[in-house]
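Accompanying notes for the structure given below.
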Amino acid sequence: MTTPRVRYAPSPTGEPHIGNIRSALFNWLYARATGGSFIVRIEDTDQNRLVPGAFDAILDALDWLGLDQDEGPRVGGAYGPYVQSERLNLYTERAAWLVAQGHAYYCDCTSERLDAMRKAQQEAGRSPGYDRHCRERGLAPTDGTPTVVRFKMPTEGTITVRDRIRGEVSFEAGLLDDFVLLKSDGFPTYHLANVVDDHAMAITHVMRAEEWLPSAPRHQQLYQAFGYDMPELVHLPIILGPDRSKLSKRHGATSVRQFQEEGYLPDAMLNFLAMLGWSLDGETDVLSREDLQRHFSLERVVASPAVFDHAKLDWYNGTYIRALTPGALALQLAPLLEGQGWRVDPAYLARIVPLEQERLKKLSEAPEALAFFFNEPHPEAIVQSLPKGLDAATTKHALEAALHTAEHAEDWEPQALEAAYRGLAEGLDIKTGPLFGAVRVAVTGRTAAPPLFDTLAVLGRERVLARLRAAIGALG
RNA sequence: GCCCCCAUCGUCUAGCGGCCUAGGACGCCACCCUUUCAAGGUGGAGAUCAGGGGUUCGAAUCCCCUUGGGGGCACCA
């Protein structure tokens, strides 16, 4: 068996979509698992849909996820160029060859005629498709009249393609029309460029989303007409939104960039995406990048579509955040916190990060979660959040006592502080819950926060004293 | 409308004829731990394997039909 060569072939028409990148991931994993090559080819054959910046966005997304390429526009390779607009000569030559061989023909039907034709077909209750008006006209390309090149599909018989996931799939040839190979602007369509390049780049496995399955018989006919060997077809299950329709913008975040900005970790993303349509054994669900590269196999890719479950992604992300070393997390968080305008001292950050690490689901939550380490809590927030179990007078009295305890604490360390405050609770004859709760709110402005005494220790005595005084003042 | 694909807990899935009175994970609920929130631990609810026919001694697993869902029918990819 030859070494696999697989490819990810996106169009630079916008921000890379998460469903799209999942295809990239499966290709990459297969290449890595088999010792094959992962190739990226940019399919920019639709001049009208090009979006400036999309080219870089795609490659940046791959870089962010760590899907390193063996060949591609940024890394080069022996089969380049890896951008289709730089390969136009190849397509026009191949299209002309097909015409010369009698497999294709020129067509000058106007879009008006085609529209009218389709409309009539629909109204007659037939399925839309080119009526082969120009098939036998023997047109030659002429100046002035826009022409396209169409492929001659068989008009009868059955076309059977073999898909790695689904087995044999048959199509009635007569239902497939003579599709366009070369557009009137001289650019190839997807069908032509894809087949020509996959062959030219010695691709062994075409792995793409299932939505491409209906065009497989056309491609198969093209391979046959060219006399090319057919690569193996692998149509990956599609990713659905919660409503079970194809995942799209209206389902919320779908671009890789959005996930990156929301603070998802590449490895968490990879793990989650890999489990959408593939599994190792049905038991193991946390798999590192290395595990995935080692164990990925086509045999275990399922045929049915998968719903994108945001909650599960969040769980994966939390799991991977917790697995980070505190130092690594701090490094990730520093720019986010600095973005708030906070001066982030590395030593201070190193102390607060462990306190929040197991509570974070996304990195983007950090600024809010850690805000009280940088900003003084708002007095109003304090008053509103104070424990309801105690009346105002008792609360104030408790905080005054807490202030006193803090002022006289001998050792400003978590254990010592806890001991001192437990003693205080006893002396005040208040349960530790309400007491600690009142102090927590006074010092952090929140009812939910990291362990109180660790927090006090990190905040430092001076700030704690100031905040307790402010809280007491706010109580009037 | 036509063509194609798919069908196990709400979700991701294990299962490839007997090991299944269907396993794991997320989510959910309860309890434990506990100063709050998390994290962690334990337990629970949750799928008559879409429905109906076959095949077989035996079917979630094989075949057919029905139903449901999805995808595709451009000079877009």
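The values are calculated or read from the model by the stated rules, or taken from the named source; none is laboratory data. Fair warning: this is a prediction, and the values are worked out from it, not measured in the lab. Here the Cβ positions follow ideal geometry from the backbone for every residue, glycine too, while neighbour counts run over all protein chains shown.
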**Fill in**
Scanning segment A:298-314 residue by residue, those surrounded by 13 or more Cβ atoms within 10 Å (Cβ to Cβ) and closer than 25 Å to residue A:36 by Cα turn out to be A:298, A:300, A:301, A:302, A:303
**Prompt:** Looking at A:351, A:294, A:322, which is the one that is at negative phi, within 11 Å of RNA strand B (Cβ to nearest atom) and basic (Lys, Arg)?
**Reply:** A:322
**Request:** With respect to residue A:366, determine if the residue is in a helix (DSSP H, G or I), closer than 25 Å to residue A:435 by Cα and of a type outside the set (S, T, N, Q).
**Result:** no
**Fill in**
Exactly one of A:191, A:133, A:205 is in contact (Cβ under 8 Å) with a residue 40 or more places away in the chain and either farther than 19 Å from residue A:94 by Cα or surrounded by fewer than 16 Cβ atoms within 10 Å (Cβ to Cβ) (or both), and that one is A:205
**Asked** Can you name the condition, by its number, that residue A:304 falls short on among (1) modelled with pLDDT under 95; (2) within 15 Å of RNA strand B (Cβ to nearest atom)?
**Response** (1)
**Item:** Cβ pairs under 9 Å, 6+ apart, first in segment A:240-267 and within 24 Å of residue A:29 (Cβ to Cβ), second assigned to a strand (DSSP E or B) and among the hydrophobic types (A, V, I, L, M, F, W, C)
**Value:** A:240/A:306; A:240/A:307; A:241/A:307; A:246/A:239; A:246/A:240; A:247/A:239; A:247/A:240; A:247/A:307
**Complete:** Exactly one of A:7, A:22 is within 14 Å of RNA strand B (Cβ to nearest atom), part of a helix (DSSP H, G or I) and buried (at least 22 other Cβ atoms within 10 Å of the Cβ), and that residue is A:22
**Prompt:** Among the residues of segment A:437-475, which ones are without any contact (Cβ under 8 Å) to a residue 40 or more places away in the chain and over 42 Å from the mean Cα position of the chain (by Cα)?
**Reply:** A:462
**Request:** Considering only segment A:410-438, state which residues are surrounded by fewer than 18 Cβ atoms within 10 Å (Cβ to Cβ), within 9 Å of RNA strand B (Cβ to nearest atom) and part of a helix (DSSP H, G or I).
**Result:** A:414, A:422, A:432, A:433
**Fill in**
(1) in contact (Cβ under 8 Å) with a residue 40 or more places away in the chain; (2) of a type in the set (A, V, I, L, M, F, W, C); (3) touching a Gly at 6+ places or on another chain (Cβ under 9 Å); (4) closer than 28 Å to residue A:332 by Cβ all hold for residue A:382 apart from (4)
**Prompt:** Considering only residues of segment A:316-331 that are over 12 Å from residue A:267 (Cα atoms) and surrounded by 15 or more Cβ atoms within 10 Å (Cβ to Cβ), which is farthest from the chain's Cα centre (by Cα)?
**Reply:** A:326
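Conditions (1) within 12 Å of residue A:263 (Cβ to Cβ); (2) out of contact with any Phe, Trp or Tyr (no Cβ under 9 Å at 6 or more places or on another chain), marked per residue:
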| residue | (1), (2) |
| --- | --- |
| A:311 | no, yes |
| A:314 | yes, no |
| A:328 | no, yes |
| A:344 | no, no |
| A:348 | no, no |
| A:360 | yes, yes |
**Complete:** Selection from segment A:32-54 of residues crowded, with 20+ Cβ neighbours inside 10 Å and either β-branched (Val, Ile, Thr) or under 18 Å from residue A:276 (Cα atoms) (or both) yields A:39, A:40, A:42, A:45
**Request:** Scan segment A:254-287 residue by residue and report those that are surrounded by fewer than 15 Cβ atoms within 10 Å (Cβ to Cβ) and either touching a Phe, Trp or Tyr at 6+ places or on another chain (Cβ under 6 Å) or assigned to a loop (DSSP other than H, G, I, E, B) (or both).
**Result:** A:281, A:282, A:283, A:284, A:286
**Message:** within 12 Å of RNA strand B (Cβ to nearest atom), among the β-branched types (Val, Ile, Thr) and surrounded by fewer than 17 Cβ atoms within 10 Å (Cβ to Cβ): which single residue out of A:447, A:455 fits that description?
**Reply:** A:447
**Fill in**
The strands (runs of 3 or more DSSP E) lying wholly within segment A:112-215 that contain at least 3 residues that are closer than 28 Å to residue A:303 by Cβ, within 9 Å of RNA strand B (Cβ to nearest atom) and more than 30 Å from the chain's Cα centre (by Cα) are A:167-172
**Asked** List, please: which pairs have Cβ atoms under 7 Å, are six or more places apart or on different chains, and start with a residue in segment A:210-231 that is among the polar types (S, T, N, Q) and end with one that is assigned to a helix (DSSP H, G or I) and modelled with pLDDT of 95 or more?
**Response** A:215/A:191
**Prompt:** Is it true that residue A:226 is surrounded by 18 or more Cβ atoms within 10 Å (Cβ to Cβ), among the aromatic types (Phe, Trp, Tyr), under 20 Å from residue A:101 (Cα atoms) and more than 30 Å from the chain's Cα centre (by Cα)?
**Reply:** no
**Request:** Tell me, please, whether a residue that is surrounded by fewer than 17 Cβ atoms within 10 Å (Cβ to Cβ), hydrophobic (A, V, I, L, M, F, W, C) and touching a residue at least 40 places away in the same chain (Cβ under 8 Å) can be found in segment A:391-409.
**Result:** yes
**Complete:** Condition set part of a helix (DSSP H, G or I) and among the polar types (S, T, N, Q), scope segment A:221-247, selection farthest from residue A:155 (Cα to Cα): answer is A:224
